[in-house]
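Visitor: I have a structure here, written as structure tokens, and I will follow up with some questions on it.
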Amino acid sequence: MNRHRHPPRPRARLAQAAGMGLFALGVLGAGCSQTIEAPAQGLAVIVRGPLVDSPFQDPNAAFLALIGEGPGIAEDKGPFTIEAFNKSQMQLQIPEVPYGPQRQILVEVYPADANGKPTYPAIGRGRTPPRDIESPAETFAVRAYVTRTHGWATPINDNGQETLIDARIGVGAAMLPDGNVLLAGGGSFKAGATKPFDMQSYGSLTDTVFRYDVDRRVLEVLSAAGTKLAVPRTQMATATGPDGQVVFAGGVVMGDLGPQATGIVEYLNSKEIEVKQSKGAVPHLKFARSGHTITRLFDTQQYYLIAGGVGPDLYPQTTVSIASNTWEIWDPVSGRIAEGSLAKSRWNHATVRLPSKDGGYIVLIGGENYDGPIADFEVIRYDNRGNIAFQGNTKITCYCGNESITGEDSNSKCAALATQPNCSTYQWVPLLRAFEPAIGRTLPGAVFVSTGNTHHIWVVGGFADAAKTQPLSRVDVFDMNSGAWLPSVPALEAPRGGPVVGATLAGKERGRVVVTGGLDANGATVGLAEVLQYQTSGTVSGVQRENANGTAPGGGRVLGQAIGLRTGHVLLVGGATGDSKGFAATSPMGLYNPR
């Protein structure tokens with residue numbers, strides 16, 4: 001067996017105290033179907049590729065590499081095996097990958113340089129889902145789905161069939177702790193609907209819950225008793241809790257007069273695979289909400305903040321939605337446990353969470369209210385003692401030893417105790433930060449990306465008008481380290497409102513922001529997909545933009561979801577395509593593989 005060191009990316013062997021065997025058992029679409037016995041311990045790797053446009057079918061495919069990855073294995077220094085690619089026979093083994101948690105095998109396909117040696121850029125790439133390998137007695141068969149880099153592919157299962165979802169818009173999506181993806185609810189448009197962001201365009205809704213198996217690329221309907229939503233609904237705000245609970249809050253249901261906002265909250269316990277409602281005294285939201293967001297507050301506790309949105313709950317004789325300028329905190333045990341005010345009303349905004357040691361920050365970005373698109377973002381600060389920033393600068397809380405003092409008279413009490421030892425005072429003030437320039441945007445895309453020492457909030461596209469006819473090409477990046485917007489950020493090639501945005505999560509390719517879909521100025525879905533990346537090379541840093549190679553399966557879409565997978569792909573699912581003549585939900589799912 002002819003093995004090579006990887007010339008562009010030298011790798012050092014790790015300590016050989018323990019190891020696990022790793023094998024490739026065959027390649028779908030590469031002209032072979034080889035099977036060998038699984039190793040006595042470790043991972044048995046089944047390598048698969050698409051049936052169409054597979055990197056294994058590329059005439060330049062010359063080398064295949066298997067590379068060990070995981071916590072404690074330095075990036076670009078993992079143990080590896082690389083040998084000449086032979087379509088008729090492939091059998092690779094990587095010795096001495098240390099046992100441990102979240103072990104993965106990266107599979108890459110390389111071309112040859114002028115000297116016949118493997119070289120970059122890689123033609124194809126795929127990773128196995130992470131698995132904990134803690135004992136020599138453990139053996140797992142896992143799959144690496146290897147697709148072309150810098151392009152789209154359809155998910156093909158081991159039977160050679162494309163994985164499709166029944167056409168639906170506004171599906172709730174969340175990643176489970178095991179790396180698989182839960183999909184719930186959604187709906188369809190009425191025939192001839194031309195306003196995809198207007199809930200009155202919605203037709204039938206569904207209560208079905210699916211699980212997408214990332215390893216096998218199979219979409220499974222959870223058909224057991226208790227695995228459906230209580231009410232068919234779409235546009236739910238969805239979040240995953242620290243123990244795998246997935247919460248579905250608010251959204252749109254069908255009422256007597258047609259589609260309307262709801263305050264229903266349910267959660268799926270991923271261990272019991274059952275959809276439940278809180279048994280607390282107040283199991284649901286106080287306000288019905290659509291166009292809202294939900295964010296998990298803590299990494300180890302089940303508290304969720306639901307913010308903004310718009311509903312039918314109006315003050316008497318006004319046109320102000322109560323939901324739009326409020327937040328609520330919900331947990332599975334007690335249901336709704338707190339509520340408060342935002343600095344201003346907003347809906348159709350984006351939200352990112354910035355965790356910190358003792359709490360964190362929730363950032364509500366853009367959106368709209370009755371004055372039109374909003375040109376700022378609001379920061380809500382919270383701590384692990386239950387303090388939440390709220391309007392008015394009136395909440396002051398102090399702690400003296402183990403005693404906490406809150407309430408309407410906390411100001412005077414805390415002032416009297418300020419000189420005592422072991423006392424500290426907290427005054428929570430909501431922060432509004434204007435966009436630069438101050439251009440309002442509703443339905444923007446947003447994602448928080450943290451890679452190494454860089455921590456950025458990306459704000460992408462959106463509409464400059466409430467009528468949603470003026471899509472934006474703006475890309476704004478807020479640097480959490482400097483507290484300022486990055487200068488000279490390139491614009492999108494295709495202006496788009498309501499884009500579908502996701503970020504890559506694995507390996508050296510993590511942190512790519514994938515932008516697809518949305519609507520253009522003519523009200524048609526945008527087919528062009530674009531990729532944004534913050535790069536540092538020597539002393540030069542900045543944002544780069546490039547077009548994704550090819551069009552996502554199913555074309556551009558709105559009201560879809562993009563979920564970064566631990567395999568390195570970004571999964572695109574749900575949504576609808578169309579133009580001024582009408583919109584229809586789409587079935588194909590797509591996988592983007594970064595460069």
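The values are calculated or read from the model by the stated rules, or taken from the named source; none is laboratory data. This one's a predicted model, so the numbers in the text were calculated from it and none came from an experiment. Counting neighbours? That spans all protein chains shown, and the Cβs are built from the backbone with ideal geometry, glycine included.
Visitor: Does Leu559 qualify as being hydrophobic (A, V, I, L, M, F, W, C), over 26 Å from Gly179 (Cα atoms) and either surrounded by 20 or more Cβ atoms within 10 Å (Cβ to Cβ) or not assigned by TED's automatic domain parsing to the domain that holds Asp215 (or both)?
Guide: no
Table: residues versus (1) of a type in the set (A, V, I, L, M, F, W, C); (2) in contact with a Phe, Trp or Tyr (Cβ under 8 Å, 6 or more places away or on another chain); (3) modelled with pLDDT under 85; (4) assigned by TED's automatic domain parsing to the domain that holds Pro130.
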residue: Pro55; (1), (2), (3), (4): no, no, no, yes
residue: Gly78; (1), (2), (3), (4): no, no, yes, yes
residue: Gln91; (1), (2), (3), (4): no, yes, yes, yes
residue: Val97; (1), (2), (3), (4): yes, no, yes, yes
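Visitor: Moving on. Checking Asp166 against (1) part of a loop (DSSP other than H, G, I, E, B); (2) assigned by TED's automatic domain parsing to the domain that holds Leu257, which test does it fail?
Guide: If we test Asp166 against (1) part of a loop (DSSP other than H, G, I, E, B); (2) assigned by TED's automatic domain parsing to the domain that holds Leu257, just (2) comes out false.
Visitor: From (1) under 22 Å from Arg217 (Cα atoms); (2) at pLDDT 85 or above; (3) among the polar types (S, T, N, Q), pick out the condition that doesn't hold for Asn115.
Guide: Only one criterion is unmet by Asn115, namely (1).
Visitor: Within the range 151-191, can you find the residues that are farther than 17 Å from Asp213 by Cβ and aliphatic (A, V, I, L, M)?
Guide: Ala167, Ile169, Ala191
Visitor: To continue, here is another question. With the structure loaded, tell me whether Leu205 is over 18 Å from the mean Cα position of the chain (by Cα) and surrounded by 22 or more Cβ atoms within 10 Å (Cβ to Cβ) or whether it fails that test.
Guide: Taking the combined requirement at face value, the residue satisfies it.
Visitor: Quick check: is even one residue across the range 181-199 touching a Pro at 6+ places or on another chain (Cβ under 8 Å), within 18 Å of Gln104 (Cβ to Cβ), part of a loop (DSSP other than H, G, I, E, B) and not acidic (Asp, Glu)?
Guide: No, the range 181-199 contains no residue that is touching a Pro at 6+ places or on another chain (Cβ under 8 Å), within 18 Å of Gln104 (Cβ to Cβ), part of a loop (DSSP other than H, G, I, E, B) and not acidic (Asp, Glu).
Visitor: Tell me, which residue of the range 65-76 that is out of contact with any Pro (no Cβ under 8 Å at 6 or more places or on another chain) and closer than 17 Å to Pro101 by Cα is surrounded by the most Cβ atoms within 10 Å (Cβ to Cβ)?
Guide: For the range 65-76, the residue satisfying everything is Glu69.
Visitor: So which of Pro430, Pro421, Pro444, Pro471 is within 21 Å of Trp347 (Cβ to Cβ) and at pLDDT below 75?
Guide: Pro430
Visitor: Follow-up. Identify all residues within the range 443-463 that are farther than 19 Å from Leu528 by Cβ, assigned to a strand (DSSP E or B) and of a type in the set (Gly, Ala, Ser); write none if there are none.
Guide: Across the range 443-463, the qualifying residues are Ala446, Ser450.
Visitor: Something else: Please pick out the residue among Gly440, Gly502 that is crowded, with 16+ Cβ neighbours inside 10 Å and in a loop (DSSP other than H, G, I, E, B).
Guide: Gly440
Visitor: Which one of Phe463, Phe478, Phe435 is aromatic (Phe, Trp, Tyr), at pLDDT 95 or above, assigned by TED's automatic domain parsing to the domain that holds Gly366 and surrounded by 15 or more Cβ atoms within 10 Å (Cβ to Cβ)?
Guide: On the way: Phe478 fails: at pLDDT 95 or above; Phe435 fails: at pLDDT 95 or above.
Checking each option against the conditions leaves just Phe463.
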